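Working notes, beginning with the structure itself.
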């Protein structure tokens, strides 16, 4: 049996919806805004229970960011909801000027991120959003790996003062993080202890990393798997501790190889502990239409790709 057996199959966006509803019941300052995608963002339950704390902005994402920034002045904690592409690329000026530069306590919650948006294709997918958001001063960037962790993160960011980008996805995905596993912003989680190679992953690829570790174990390779759910602030201590033990690192992300988790980790390693590193990420291209599994396979983000990267980086030690 796997170290982390599949507990269920649920989409991470439903974890956001469940977390938002629970949070709404606990914290009357939480308000939600949506850009005409209430069903897709799983915000229906919050809207039904708290209609006076829900704002349907319509297909006007830039306006939504401005309204959210304004709501913070009255002590509200706004959660904005739309696709990741429309939460970042379409509204970057408003996020930069009205939220990040102004230091507003807005929680930018972004679904349908990465390739696994699937059949909707390149115009709706975004593979640059982590880079866009982590470059903004003061912006916290979180990429949870399954339903349970997305729910935890949704609740946790309400207590964090300052802007947050929370990234999650569309497809049903294995639920493997126990609901009671502690979640702390900025603290990576070591899921499997190993000595031969460090596999650092975020989002959907954490599950693929666990699968890769199982495959490597069959060949006698002990891979350490770390869930780097917070890209910024990055848990440098966890990265350095693991890299100093294994001597080589693989980073895995459903994102362009530029600007994301891999580059963030490389910055830590090059300045503090030069270590061989391989990148499992999209190689500087846009996506296309297809099923999530087809796209992960075509763009080199599948379990065999992680196994291949691990073997390649171990050979460079």
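The values are calculated or read from the model by the stated rules, or taken from the named source; none is laboratory data. Remember, predicted model here, so these are calculated numbers, not experimental data. All Cβ positions, even for glycine, are placed from backbone atoms using ideal geometry, and neighbour counts span all protein chains on display.
One table, with the values for the structure above:
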| quantity | calculated |
| --- | --- |
| Selected residue (only one of 82, 116 is in a strand (DSSP E or B), at pLDDT 95 or above and surrounded by 24 or more Cβ atoms within 10 Å (Cβ to Cβ)) | 82 |
| Residues satisfying the stated conditions in the stretch 285-304, i.e. farther than 13 Å from residue 127 by Cβ and either in a loop (DSSP other than H, G, I, E, B) or in the same structural domain as residue 170 (by TED's automatic domain parsing) (or both) | 289, 290, 291, 302 |
| Lone qualifier among 166, 210, 216 - being over 25 Å from residue 303 (Cβ atoms), in contact with a strand residue (DSSP E or B) (Cβ under 8 Å, 6 or more places away or on another chain) and either outside any helix (DSSP H, G or I) or assigned by TED's automatic domain parsing to the domain that holds residue 238 (or both) | 166 |
| Residue tally, condition under 15 Å from residue 100 (Cα atoms) and crowded, with 24+ Cβ neighbours inside 10 Å, over the stretch 130-163 | 4 |
| Boolean, residue 42 is assigned to a loop (DSSP other than H, G, I, E, B), modelled with pLDDT of 95 or more and touching a helix residue (DSSP H, G or I) at 6+ places or on another chain (Cβ under 8 Å) | yes |
| The stretch 252-284, residues that are closer than 24 Å to residue 123 by Cα and touching a residue at least 40 places away in the same chain (Cβ under 8 Å) | 252, 253, 254, 255, 256, 258, 259, 260, 261, 280, 282 |
| Test: residue in the stretch 196-205 that is under 13 Å from the mean Cα position of the chain (by Cα), crowded, with 21+ Cβ neighbours inside 10 Å and assigned to a helix (DSSP H, G or I) | yes |
| Test for residue 108: is it touching a helix residue (DSSP H, G or I) at 6+ places or on another chain (Cβ under 9 Å), outside any helix (DSSP H, G or I) and within 27 Å of residue 269 (Cα to Cα) | no |
